[in-house]
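Read through the structure below, which is laid out as structure tokens, and then see the notes.
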Protein chains: 2
Amino acid sequence: MIVPAQALELEKFLPYRLSVLAQLVSESLHDLYAGRFGLSVPQWRVMAALGRFAPLTASDVGQRIVMDKVAVSRAVAGLMKRGLVERATDLDDRRRASLGLTPKGRTMHAQIVPIALKYEAELYDALSADERLTLNGLCDRLFAHAKLLRNQA
Amino acid sequence: MIVPAQALELEKFLPYRLSVLAQLVSESLHDLYAGRFGLSVPQWRVMAALGRFAPLTASDVGQRIVMDKVAVSRAVAGLMKRGLVERATDLDDRRRASLGLTPKGRTMHAQIVPIALKYEAELYDALSADERLTLNGLCDRLFAHAKLLRNQA
DNA sequence: CTGTATTAGTTTCAAATGTAACTATTATGA
DNA sequence: TCATAATAGTTACATTTGAAACTAATACAG
């Protein structure tokens, strides 16, 4: 088999393209809530997880939103200091603690969710309904495959 | 119009999904060259830009690979210290300087490119040829649209 | 010309992040 | 039962990153 001369054009290189797209989208969204609510991306993600699925332990949160335990711990510390999240030590296993939003946290969560969904909807305006499904399917498969490759290596 | 109760499930939220996918892919790739060649992601990106398009000024590099000038400056400083990149001040405008790979840099670049392309190819194995085109098209349109939204805001 | 604005790029300082070590608690196995 | 291992989460330290201030050179307006 003849191997063509290989060239790498970063602009067409999938890992690079995904990275640039994700960064743009993530920053745009962050701009929408960071100023008003003073949350970092990890803090917002933790709140989103708790807003939907509380009570969760810190590990649960980490698993759910693919964030390592140090990042979760730090985000939670910041959120607790601001009275947005509360913690209750599990009496059966005192290493663990359930986390949840406080009323104040729930209020903030309820304010941010529509902003986030509105941004997502605006983003999706670029695509037809079919294309949205297609994109999500392709992303899912890519993600699963990338995880596979990573575990093999 | 009836507005349904809004809920946000991070796992299905496009900005979040893109971010997690891009991070996984980016880290997987980084693992393939970081150890052996000791490059950070920004350093590798600068080398990739120069390997393909040198000579470029630092600003050119930044525009091409969507990296701010501080990041470019730092990546270049590191690469020059290791003798992978060289700089030549533009005599007509002494604020500028052309950047290019040294022979050593070209050698390293030539070793990394096949690794990167191989990873991309493996990643693409998850998709058919058609799906690859589709994905790229959808990403392009999302990116363009996200930039538009950002500039409006 | 000449003072002001722009542009290219670097440096500085603070904040964010990653890795590894650490504490506290529970599980396990000889 | 008691020593060892494993788990949940935090802390400490080094590195990276980001924002703003800064230097140096050029452009431009009066």
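The values are calculated or read from the model by the stated rules, or taken from the named source; none is laboratory data. In this text the structure is predicted, and so the values were computed from the model without any measurement. Here the Cβ positions follow ideal geometry from the backbone for every residue, glycine too, while neighbour counts run over all protein chains shown.
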Check your understanding: residue A:41: free of Cβ contacts under 8 Å to residues at least 60 places away in the same chain, within 16 Å of DNA strand C (Cβ to nearest atom) and within 14 Å of residue B:10 (Cβ to Cβ), yes or no?
Key -> yes
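Give the residue that is farthest from DNA strand D (Cβ to nearest atom), with candidates limited to residues of the stretch B:37-46 that are outside any helix (DSSP H, G or I) and surrounded by fewer than 18 Cβ atoms within 10 Å (Cβ to Cβ). So that I can check it myself, show each step before the final result.
Taking the stretch B:37-46 first, the residues outside any helix (DSSP H, G or I) are B:38-40.
From what is left, the residues that are surrounded by fewer than 18 Cβ atoms within 10 Å (Cβ to Cβ) are B:38, B:40.
Details: B:38: 9, B:40: 5 Å.
Across the stretch B:37-46, the extreme among qualifying residues is B:38.
Considering only residues that are modelled with pLDDT of 90 or more and not in a helix (DSSP H, G or I), which ones fall in the stretch A:9-36?
In the first step, residues of the stretch A:9-36 are kept if they are modelled with pLDDT of 90 or more; the result is A:12-34, A:36.
Passing the criteria: only A:13.
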Check your understanding: In the stretch B:19-38, which residues are in contact (Cβ under 8 Å) with a residue 24 or more places away in the chain and under 18 Å from residue B:142 (Cβ atoms)?
Key -> B:25
Check your understanding: Condition test on residue B:97, is it of a type outside the set (Phe, Trp, Tyr) and within 15 Å of DNA strand C (Cβ to nearest atom)?
Key -> yes
Exercise for review: Mind telling me which of the residues B:66, B:61, B:72 ends up being hydrophobic (A, V, I, L, M, F, W, C), within 16 Å of the chain's Cα centre (by Cα), within 7 Å of chain A (Cβ to nearest Cβ) and farther than 21 Å from residue B:121 by Cβ?
Suggested key: B:66
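Filter the stretch A:16-31 for residues that are of a type in the set (S, T, N, Q) and either more than 19 Å from residue B:149 (Cβ to Cβ) or at the interface with chain B (Cβ under 7 Å from one of its Cβ atoms) (or both) and give the result.
A:19, A:26, A:28
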Practice item. May I ask you to list the residues in the stretch A:101-145 that are small (Gly, Ala, Ser), more than 7 Å from chain B (Cβ to nearest Cβ) and part of a helix (DSSP H, G or I)? Key: A:105, A:110, A:121, A:129, A:137, A:144
Check your understanding: Quick check: anything in the stretch A:84-98 under 15 Å from residue A:45 (Cβ atoms), more than 16 Å from DNA strand D (Cβ to nearest atom) and outside any strand (DSSP E or B)?
Key -> no
Exercise for review: For the stretch A:90-137, enumerate the residues that are surrounded by 14 or more Cβ atoms within 10 Å (Cβ to Cβ) and among the basic types (Lys, Arg).
Suggested key: A:96, A:106, A:132
Revision key, fill the gap. Of the residues in the stretch A:54-83, those that are among the hydrophobic types (A, V, I, L, M, F, W, C), part of a helix (DSSP H, G or I) and modelled with pLDDT of 95 or more come to A:58, A:61, A:70, A:71, A:72, A:75, A:76, A:77, A:79, A:80
**Study point:** Complete set of residues in the stretch B:2-42 that are of a type in the set (S, T, N, Q) and under 24 Å from residue A:126 (Cα atoms)
**Key:** B:6, B:19, B:23
Exercise for review: Please go through the stretch A:61-81 and pick out each residue that is of a type outside the set (A, V, I, L, M, F, W, C) and in contact (Cβ under 8 Å) with a residue 12 or more places away in the chain.
Suggested key: A:64, A:73, A:74, A:78
Practice item. Go over the candidates A:49, A:34 one by one and state the one that is within 9 Å of chain B (Cβ to nearest Cβ) and either in contact with a helix residue (DSSP H, G or I) (Cβ under 9 Å, 6 or more places away or on another chain) or surrounded by fewer than 16 Cβ atoms within 10 Å (Cβ to Cβ) (or both). Key: A:49
